[in-house]
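Written out below as structure tokens is the structure these notes cover.
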Amino acid sequence: MSVSWTLPFDEKILPEDRSKSTTAQDYAKVHRKSVEDSREFWAGVAREMEWFRPWDRVLDDSEPPFYKWFVGGELNASYLCLDRHVKTWRKNKVALIWEGEPTADGRPTEVRTLTYYDLYREVNRLAHLLKHRYNIKRGDTVGVYLPMVPELPAVMLAAARIGAVFTVVFSGFSSDALAERLNDAGAKILFTADGVWRKGKVLDLKPIADRALEKAPAVRNVVVVRRVGGRTAMREGRDEFYDSALKEVPVNAFVEPERTKSEDPLYVLYTSGTTGKPKGQVHDIGGYLTLLHATMNWVFDVRDTDVYWCSADIGWVTGHSYIVFGPLMEGVTGVMYEGALDCPAPDRWASIIERYGVSVFYTSPTAIRGWMRNGEEWVRKHDTSTVRLMHSVGEPINPEAFRWLFKAVGREKVPFGSTWWMTETGGILISHLPGLHMVPMKPGTNGPPLPGIDADVLDEAGKAQEAGERGYLVIRKPWPGMPLTIYKDPKRYVDVYYGRFPGVFYAGDYAVKDEDGYFWILGRADEVIKVAGHRLGTYELESALIQHPAVAESAVVGVPDEVKGEVPVAFVILRQGYTPSEGLKKELNDITREKVGAVAAIREVLFVSKLPKTRSAKIMRRVVQAVAAGRSPGDVTTLEDEASVEEVRSAHEALQHEVRGGKSS
Ligand code: WT7
């Protein structure tokens, strides 16, 4: 397969500082060398960080694929993000500029700036509270269900400080999803909030947490951040407000950072896969921080004068790595915004850039497409000329979205890349590298693999593809930042990532490598869809639907959407005695929201009497997918009943008809 779109303009975007520029060929040589000796290469990067104790071995590969980085080394994530800066002039530097969503006269009504010292104080007091009041010990799990408030990074850092493992559940997930994660992770305590501002409204969070807690009995204590005020039901003996609890801790409390081991777990973060329950990705400390240190510099080129804004939510890995640990470790000033990017008007994000003079901007294709739809005039209302570097993440970026942001904010000269990585990889692995060697940027590509990252594209049989041929993205050699395992399910870790091609990490994405060694990640090769950049297993939605008594069988597939990239559509076969109705559609939609969360909102439920299946009765999702996306279903010779394809097609066409008829505009 050849690369599917032509470059929108001159393919070379070089940084103002041309001295760093190099050719793709020169980079390829440097890269090859770094990969050949990847251990020594990564050890060099890790040596740039401060360790309490140096490692004995760079990589323990005695039990593949369970790799351990920097074994014997001791360090602490909270120390690296805070104590280290507090000892220097950065003590009074702003670490976080937080902006709440509500506005008056178009201006934010709440802005909190926390210096490194402020954050250091808060984290120490929290660590004190965790240790002495709640008796949380090294290795215990701290559950977090918080929206985008400054207390969220503080809790993560406090847990890391005492060697506890944290698990953050995105605040858009439902109570069932929260309970499942808290139970799997074995959380003993939960940090949550009374509510959050979202699109101009207060969303109550505590009632959702309460419902989850009914199903998560191991959680002994609940600490509630007061974000929106008002009345919140609190359970005596279990719940306590964050501010009241903290009041009892001396302002100057100091908790010695635990000498955590490099291969200790820092956090567990759940992510969707093809089947089964969400997978708890366990990230280590030493390898993970090494990758973040590298990428903050090579990819984001951060400097002390920067104001860095990553517009993701900390509930996802992007926020863990590139709002919390990466930027703080590098001593950067970061922006953190609570609410919707278009609230109260579509110029909110441009106003944030202007207000703080954002210079490095990390966002997503979905966000860009949303802004694009509202028009460039919303950007023009503000001065965004401080931006000197941009990247996006989460899904492939389409040329229109690329070109739009490049012009609207990038003034057609600012480096703008699409960084590829995933929850599993811990940090960016394939990207343009403005902070290192400036290889010419090619819009639409993800760029070359980072130094020390041995990425490749394989065919079905595991043979390396030639340049220009589509195949499966793999990472051949272990890298720092890779997962330790899937929490409590090491077998699954082996099967999912190392089962497809023995010995190499299988990412689950289709990719093409071009003649310059640049990668083009084309999308998922499995039954995972990316809705607004969020990863959803179609299986999760199907398992939710099947819990409704009317549903006999269902197939959920992703269909293209102008803004969100993809949205789920469900084809449903009803049990006998049930008939299709609008009411039933709504019930089915509600059940997915309840079981998974609002992120899983199904665009359409389509009732059919049969679904395309193989002779062994396996639903051929590929066929459903193609038809739902308006494409030809391809080879259907293994199909048991070809009429089923027609059914799916006509259900889908009827929907198109309705849409055109103006039902949903
Ligand atoms: C999947 C991982 C890593 C942070 C957010 C997503 C897709 C991610 C890109 C990109 C094309 C991308 C892949 C990947 N993806 N970034 N720049 N270009 N595709 O993390 O939820 O774990 O999802 O997102 O399909 O496998 P995630």
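The values are calculated or read from the model by the stated rules, or taken from the named source; none is laboratory data. Because the structure is predicted, anything quoted here is derived from the model rather than measured. Counting neighbours? That spans all protein chains shown, and the Cβs are built from the backbone with ideal geometry, glycine included. The protein model used for the area step is the full one, side chains on, heavy atoms only, and it has no ligands, DNA or RNA in it. Shrake-Rupley method; radii C 1.70, N 1.55, O 1.52, S 1.80 Å.
Values computed for the structure shown
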{"quantity": "Index of the failed condition, THR274 passing every other in (1) β-branched (Val, Ile, Thr); (2) buried (at least 24 other Cβ atoms within 10 Å of the Cβ); (3) under 19 Å from the mean Cα position of the chain (by Cα)", "calculated": "(2)"}
{"quantity": "Hits in region 306-318 (condition: more than 9 Å from the ligand (Cβ to nearest atom) and either among the small types (Gly, Ala, Ser) or in contact with a strand residue (DSSP E or B) (Cβ under 9 Å, 6 or more places away or on another chain) (or both))", "calculated": "ASP306, VAL307, TYR308, TRP309, CYS310, SER311, ILE314, GLY315"}
{"quantity": "Counted residues, region 381-406 - those being in contact with a Lys or Arg (Cβ under 9 Å, 6 or more places away or on another chain), more than 16 Å from the ligand (Cβ to nearest atom) and touching a residue at least 60 places away in the same chain (Cβ under 8 Å)", "calculated": "0"}
{"quantity": "Single residue of region 369-380 satisfying the filter (open to solvent by less than 50 Å² (accessible area, probe 1.4 Å) and touching an Asp or Glu at 6+ places or on another chain (Cβ under 9 Å)) that is farthest from the ligand (Cβ to nearest atom)", "calculated": "VAL379"}
{"quantity": "Residues (in contact with a helix residue (DSSP H, G or I) (Cβ under 7 Å, 6 or more places away or on another chain), open to solvent by 10 Å² or more (accessible area, probe 1.4 Å) and within 14 Å of the ligand (Cβ to nearest atom)) located in region 450-477", "calculated": "none"}
{"quantity": "Positions within region 485-501 being surrounded by 16 or more Cβ atoms within 10 Å (Cβ to Cβ), under 17 Å from SER272 (Cβ atoms) and not β-branched (Val, Ile, Thr), in sequence order", "calculated": "TYR487, ASP489, ARG492, TYR493, TYR497"}
{"quantity": "Strands (runs of 3 or more DSSP E) completely within region 269-338 that count 2 or more residues being charged (D, E, K, R)", "calculated": "279-284"}
{"quantity": "Elements of type strands (runs of 3 or more DSSP E) contained in region 79-145, each with 1 or more residues being open to solvent by less than 10 Å² (accessible area, probe 1.4 Å)", "calculated": "94-99, 141-145"}
{"quantity": "Residues that are under 18 Å from THR445 (Cβ atoms), of a type outside the set (Ser, Thr, Tyr) and touching a Ser or Thr at 6+ places or on another chain (Cβ under 8 Å), drawn from region 378-400", "calculated": "LEU389, MET390, HIS391, VAL393, GLY394, GLU395, PRO396, ILE397"}
{"quantity": "Residue ranges of helices (runs of 4 or more DSSP H) in region 166-265 with at least 1 members of a type in the set (Phe, Trp, Tyr), at pLDDT below 95 and within 25 Å of ASN76 (Cβ to Cβ)", "calculated": "none"}
{"quantity": "Selection within region 333-362 - aliphatic (A, V, I, L, M), under 24 Å from the mean Cα position of the chain (by Cα) and open to solvent by 10 Å² or more (accessible area, probe 1.4 Å)", "calculated": "LEU341"}
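Each row is one residue, and each column tells you yes or no for (1) more than 19 Å from SER364 (Cβ to Cβ); (2) small (Gly, Ala, Ser).
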position	(1), (2)
ALA507	no, yes
GLU515	yes, no
TRP520	no, no
LYS530	no, no
ALA544	yes, yes
PRO549	yes, no
ALA552	yes, yes
GLY565	no, yes
